[in-house]
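The values are calculated or read from the model by the stated rules, or taken from the named source; none is laboratory data. The structure presented is a predicted model; accordingly, all values stated were derived computationally and were not measured. Neighbour counts run over all protein chains shown; Cβ positions are idealised from the backbone, glycine included.
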Amino acid sequence: MSASARFRRVASGKADANVAGAGPAGSARQNSGAGGTVHPPADPNVRPKSWWATARSARPARAGGTLGYDCDVVVVGGGPAGAAAAARLAGAGFATVVVDRASFPRDKVCGDFVGPAALAELADLGVTGTAAFAATNTIGECALHLNGDRLGALAIPQVDGLPGYGRVIPRWHLDAWVLDAARHAGARVLGGQKVTAVARVPGAVTVGGHGAAGPWQLRARLLLGADGSNSVIARALRGTVPPRQDRIVAVRAYFDDVAGPAGQADVCLGSAAFPGYCWLFPCGGGRANVGVGMVVSTYPRTGRNLRALLLALIDQDALLRHRLRGARLRGKILGCPLTTYNPRLPLAGDRVMLLGDAAGLINPLNGEGIQYALHSARWAAGIAAGGLASGRLDAASLGAYEQRVHHHLRHDMAFSRFIVALIRNRHLNPVWLRALRVIAARASTDPDYAYRAGCVATGLAPATTALGPGMAAKTARQAMASPRNGAPRRHPARRGQPGHPTPDPSPSKTGGTGTHALTPREFADWAAGAGQALTELTTQLTRAKLVSVRGHVR
Ligand SMILES: Cc1cc2nc3c(=O)[nH]c(=O)nc-3n(C[C@H](O)[C@H](O)[C@H](O)COP(=O)(O)OP(=O)(O)OC[C@H]3O[C@@H](n4cnc5c(N)ncnc54)[C@H](O)[C@@H]3O)c2cc1C
């Protein structure tokens, strides 16, 4: 059976109020073919563009009915965001089709760390009750290392009834489990089908692509773009690719026979890669996910790639060398780009919403995205269900989703963006690394401070709550009271073991992580970026404060 024939069988009994002939003429006009525009982006660098204009001609393998739909919702992408949204919408009774270019189970380049907030979402989706899920490795604490010197370990904080631990779950398993939840809820999953074209037509959206059986086209009432960081749907909606400053590059590899505690994740920072960082996340059974990631604009211009940098760091960082001393590389070192959160870019348009990585819902500070993918799926499904029931699927109505995302994430992400905007300047690395030592030193003696730092690092509590003026004051006091904190603490450990500071690897050894002199233009760009991020943060903090004051007054 051809893919298109399978698509045709997913019929919807529901019709839109704004389908021509089935609702107000005004709505029909508003949603009719050429002439409409997407939700206008506020970013002057982003050109508004009719998103159907980017659609390539999709050759329908089989003609569709004039007013019929193949399904209520087509979800492009069956990763955590798409699968979770499909599970929720299918569970609510909407005919839902998930289309993915891959056939599941499939691999996905990731650090595999699933934090407490993501675990709570997975529990809500009914994914966590199996023996296989329970057997996945739990992480109770995360140790921080700087140039091989262990600064301390932060326990995964216990917040609002969420689990006080994370898990490391290879995506091969995790994504298949979430997609199974979507199937059990009644969604149809079509793997091996790459989407290449989207278009809005009167009263509907069409998605076209091709699989082994040839080209196909699908007509739906609503499109959810959950197709990851290179999203075709986001490009069509926004009419542009993400700005360079929003991009991160990262690589990861699996190692077997890894030494050290299975319940401890390690994050390694150092002059060689900062503001990027290396991680070692144990998967259990002696296996670990090891990788490195950094903001694209801070990547050194050396011609050496990130894979080479990861291998060099594994060779030179004392902690990594210690934990991987008898380990074997399993498979290849694989990389993937990431796009971080940019509040100026639209997340919804007429009959379309972007979720997870496609929406850029990545925390720029730690690269975490699974929890935001799952949150965005819940928020989008709620708004979509209302829109599908009422027939209001225009950009203004779906804009409620964008507001919900901004409401929940904007101030935390503003904080992360500000920090990243600052540390982008590698010439100031000694300053940032000293600040890190100050924070770690304070956290080692002050449990409340450690808890708050842990909340921010894991994205568990709003930065505005966790980081009050109290925390800032404590950090400043610590910095002034103990200038020695800026110096590495020495531990009686042998060279090559954790505790023994690694000498700063030279650029030549690490694949060229050295800095070049900033040109005046680059310096101006950095200062402007930091200023913009600070303005955004201040605005968000003020807004959050006003909301909380209003809440108290009511
Ligand atoms: C190296 C690295 C390490 C990371 N580490 C972590 C971590 O430890 N913890 C964490 O929380 N986050 C981490 N992230 C981020 C995390 O991987 C993402 O945030 C998460 O995968 C987002 O889920 P998603 O469903 O939005 O997208 P994805 O998981 O990327 O799923 C998108 C799906 O869309 C499909 N697709 C793409 N294009 C098309 C198309 N044209 N047609 C049809 N289907 C298509 C893909 O096949 C894929 O299945 C990491 C990312 C990287 C790159």
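Below, the figures for the structure above:
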read-out: Unique residue being closer than 20 Å to Asp124 by Cβ and either buried (at least 24 other Cβ atoms within 10 Å of the Cβ) or of a type in the set (Phe, Trp, Tyr) (or both) when the list is Ala358, Ala377, Ala348, Ala385; value: Ala377
read-out: Breaking point among (1) touching a residue at least 60 places away in the same chain (Cβ under 8 Å); (2) more than 12 Å from the ligand (Cβ to nearest atom); (3) among the basic types (Lys, Arg), for Arg171; value: (2)
read-out: Exclusive hit being within 18 Å of Val76 (Cβ to Cβ) and surrounded by fewer than 18 Cβ atoms within 10 Å (Cβ to Cβ), set Gly214, Gly208, Gly191; value: Gly191
read-out: Index of the failed condition, Tyr372 passing every other in (1) more than 10 Å from the ligand (Cβ to nearest atom); (2) aromatic (Phe, Trp, Tyr); (3) buried (at least 24 other Cβ atoms within 10 Å of the Cβ); value: (1)
read-out: Pair list, Cβ < 8 Å and 6+ apart or interchain, from the range 103-114 residues that are on the phi > 0 side of the Ramachandran plot to residues that are more than 8 Å from the ligand (Cβ to nearest atom) and part of a loop (DSSP other than H, G, I, E, B); value: Asp112/Ile169; Asp112/Pro170
read-out: Among residues of the range 89-107, those that are buried (at least 24 other Cβ atoms within 10 Å of the Cβ), within 22 Å of the chain's Cα centre (by Cα) and within 24 Å of Ala117 (Cα to Cα), counted; value: 1
read-out: Residues located in the range 74-103, provided they are more than 8 Å from the ligand (Cβ to nearest atom) and farther than 15 Å from Ala384 by Cβ; value: Ser103
read-out: Some residue of the range 159-175 being in a strand (DSSP E or B) and of a type in the set (A, V, I, L, M, F, W, C); value: yes
read-out: Tally, over the range 412-450, of residues that are in contact (Cβ under 8 Å) with a residue 24 or more places away in the chain and over 20 Å from Cys268 (Cβ atoms); value: 13
read-out: Options Ala253, Ala288, Ala259, Ala265; residue that is closer than 24 Å to Ile419 by Cα and not in a helix (DSSP H, G or I); value: Ala265
read-out: Filter result for the condition that a residue is within 21 Å of the chain's Cα centre (by Cα) and on the phi < 0 side of the Ramachandran plot, over Gly360, Gly382; value: Gly382
read-out: Count - residues of the range 410-445 that are outside any helix (DSSP H, G or I) and over 24 Å from Ala359 (Cα atoms); value: 1
read-out: Matching residues in the range 334-352 - criterion: being within 15 Å of the ligand (Cβ to nearest atom) and more than 24 Å from Phe415 (Cβ to Cβ); value: Leu334, Gly335, Cys336, Val352
read-out: Residue within the range 161-175 that is modelled with pLDDT under 95, surrounded by 18 or more Cβ atoms within 10 Å (Cβ to Cβ) and of a type in the set (Asp, Glu) present; value: no
read-out: Wholly enclosed strands (runs of 3 or more DSSP E) of the range 188-239 bearing at least 1 residues closer than 17 Å to Asp350 by Cβ and more than 12 Å from the ligand (Cβ to nearest atom); value: 194-201, 204-211, 214-225
read-out: Of the criteria (1) within 25 Å of Thr539 (Cβ to Cβ); (2) modelled with pLDDT under 95, which one Leu354 fails; value: (2)
